[in-house]
Amino acid sequence: MQTFINSRFEQIEKRFGEIQLILDLASSSRGNIDLYQALCRSAHVLLVGHFEGLYKEICRDVIDDINANTSFYQVKNVIFSTHCSYYIHSKESEGSFKLIRDKLFEALKSYPSKLIVDPFLFFDNKNPTPDILETILKKFGVKNFFKVIEGSDLDIVFEDEKTKVIKLRDRLLNYVKKGTVTYPYKLDPSIYHPSENVSKSKITLWESFINNFLKERHNIIHGNTLNWINRFKLTPLRHFKKPPFAELI
């Protein structure tokens, strides 16, 4: 049976294909500066909306795949702890939390997994900032995601190397599609050569990019700017629409 995460690729195509339509229209409207900027601003806001919706959908897909294929006994400890945090009062001490969690595990371990997505996500319409994404990934057991991918093959998206970007996109897309057909997923982050020297002090280029992108979206929706500054050359979005989600799995 096809996994939930694998079936998500078609929806990803639809989401970002919609934005590409706006960018293509904007590209053909360069002679009308007002129309051009209006279309670019619209695409910018829509992209952030799809980005936020997509990471929430992926989290749900991962939880659904775990529930469909495992018992509680097979759930990773960090994921089970996140699940338990929904039921255990936040004021409990670390020791008390661990004691209650262990008792829950003993009581549930022989039953099919019934994880809920709520404790893995934020439901107060928070913007998908790097800190929010890092917090969510940590709940799945992934730490320092942005620092690990900095300096990896993925950094090529910040270079003006269209052919190389497309080649990397296709390679990663094919790999992730094949690796998520069945559960457990068969994925290895080493495919994009993550950094071995993780710096814990500086803000990465990836974090700065996302923060600036969200800031510009904030300015647009609150009417703080009417001049959409084309910082990224209106490069066709299809060159960047396949983010590396392997670390989330």
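The values are calculated or read from the model by the stated rules, or taken from the named source; none is laboratory data. What you see is a predicted model; the values in this text were computed from it and never measured. Every residue, glycine among them, receives a Cβ derived from its backbone with ideal geometry; neighbour counts consider all protein chains shown.
Evaluated against (1) assigned to a helix (DSSP H, G or I); (2) over 23 Å from the mean Cα position of the chain (by Cα); (3) of a type in the set (Gly, Ala, Ser), residue 68 falls short on exactly one condition, (2). Looking at (1) touching a Leu at 6+ places or on another chain (Cβ under 7 Å); (2) surrounded by 14 or more Cβ atoms within 10 Å (Cβ to Cβ), find the lone condition where residue 158 falls short. The one condition residue 158 does not meet is (2). With respect to the conditions (1) surrounded by 13 or more Cβ atoms within 10 Å (Cβ to Cβ); (2) more than 22 Å from residue 137 (Cβ to Cβ); (3) not acidic (Asp, Glu), residue 62 falls short on a single one, namely (2). In the stretch 98-118, how many are within 21 Å of residue 138 (Cβ to Cβ) and in contact (Cβ under 8 Å) with a residue 12 or more places away in the chain? Number of matching residues: 9.
Among the residues of the stretch 162-174, some residue qualifies, meaning at least one is closer than 23 Å to residue 64 by Cα and surrounded by fewer than 14 Cβ atoms within 10 Å (Cβ to Cβ).
Residues of the stretch 183-194 that are within 19 Å of the chain's Cα centre (by Cα) and surrounded by 15 or more Cβ atoms within 10 Å (Cβ to Cβ): 185, 187, 189, 191, 192, 194.
Taken across the stretch 81-95, residues that are hydrophobic (A, V, I, L, M, F, W, C) and not assigned by TED's automatic domain parsing to the domain that holds residue 132 do occur, with at least one present.
In the stretch 88-107, the qualifying residues are those that are in a loop (DSSP other than H, G, I, E, B) and of a type in the set (Gly, Ala, Ser), and the one that is farthest from residue 45 (Cα to Cα) is 93. Within the stretch 193-219, being at pLDDT 90 or above and more than 22 Å from residue 135 (Cα to Cα) holds for one residue alone: 193. Applying the set (1) assigned to a helix (DSSP H, G or I); (2) under 30 Å from residue 177 (Cβ atoms) to residue 39 leaves exactly one unmet item: (2). Regarding the stretch 16-32, can at least one residue be identified that is closer than 30 Å to residue 177 by Cα, of a type in the set (Ser, Thr, Tyr) and surrounded by 13 or more Cβ atoms within 10 Å (Cβ to Cβ)? Within the stretch 16-32, not a single residue is closer than 30 Å to residue 177 by Cα, of a type in the set (Ser, Thr, Tyr) and surrounded by 13 or more Cβ atoms within 10 Å (Cβ to Cβ).
Among the listed residues 117, 176, 148, 142, which satisfies the condition of being touching a Ser or Thr at 6+ places or on another chain (Cβ under 7 Å) and among the aliphatic types (A, V, I, L, M)? One residue alone meets the criteria, 148.
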